[in-house]
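Every read-out reported here was derived from the displayed coordinates using simple, explicitly stated rules and does not represent laboratory data. Since we're looking at a predicted model, the values are computed, not measured. In this analysis, Cβ positions are derived from the backbone assuming ideal geometry, glycine residues included, and neighbour counts consider all displayed protein chains.
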Amino acid sequence: MLEVRLLYKKLENYSQVLEQTVQERTAELRESEARYRSLTELASDWYWEQDENGNFTKVSGPVLEMLGVRVDALVGEARGVQVSGWNEAEREALQATIAARQPFLDFVFSRVNADGSQQKFQVSGEPMFNRYCRFIGYRGIGVELTAKK
């Protein structure tokens, strides 16, 4: 009985050490995630995610105003992208890449605003898949090149 009691005590101590290790690793992971988010925000004007239908699900930064996307696109009611003024050849090339579920790096596209001014944007994105390899959307970052000049 004494040996069994000692084994239970040893198991309890091991469980406490394991729990402490899990808490430490979780804290390290959260810190790492916070650094990653901070670097992403510094490296780009916005971060975005879309579902498999092309609806924006997450957006950080002024992408909605810059791209002319209505806010209802975040609730999934409609894609909401105002296509007037966009360079159609560039948009078609980007849409073909997305339809093929291919990643894209530093893709530049532009639009002409109603006042005649031109805006240029650069985006990078990658397809997202769930653990069953089912396509669930895209995520990426973007910058407005016009403002950088």
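Residue separation of residue 132 and residue 38 scaled by 0.36 nm, minus their Cα-Cα distance, works out to 30.9 nm of gained length. Evaluated with a Cβ-only charge set (Lys, Arg +1; Asp, Glu -1), the range 104-149 carries a dipole of roughly 140 debye about its Cα centre, given to the nearest 20. The simple spin-label model puts a point 7 Å past each Cα toward its Cβ; for residue 2 and residue 60 those points are separated by 5.9 nm. Annotation: peptides 111-123, 24-36, ranked by per-residue average of other Cβ atoms within 10 Å with the highest first, follow the order 111-123, 24-36.
Less than 5 angstrom separates the built amide H of residue 86 from those of 112, all sequence-distant by 5 or more or on a different chain. Across the range 112-118, coupling constants 3J(HN,Hα) worked out from phi with the 6.51/-1.76/1.60 Karplus curve, θ = phi - 60°, read 9, 7, 4, 7, x, 6, 10 Hz, and Gly and Pro carry x.
Going by the alpha-carbon gyration tensor, a ≥ b ≥ c the square roots of its eigenvalues, is the range 1-43 rounded (a/c under 1.5) or, if a/c is not under 1.5, prolate (a/b greater than b/c) versus oblate? Prolate. Between residue 105 and residue 17, take the C-beta separation as r, use R0 = 35 Å, and let me know the FRET efficiency to the nearest 0.05. Efficiency, rounded to the nearest 0.05: 0.20.
Karplus-derived 3J(HN,Hα) values for the range 129-134, using 6.51 cos²θ - 1.76 cosθ + 1.60 with θ = phi - 60°, are 10, 7, 5, 9, 6, 8 Hz; glycine and proline are entered as x. Since only 132, 121, 97 are under comparison, the one whose Cα sits farthest along the positive direction of the charge dipole of the range 89-149, derived from C-beta charges on Lys, Arg, Asp and Glu, is 132.
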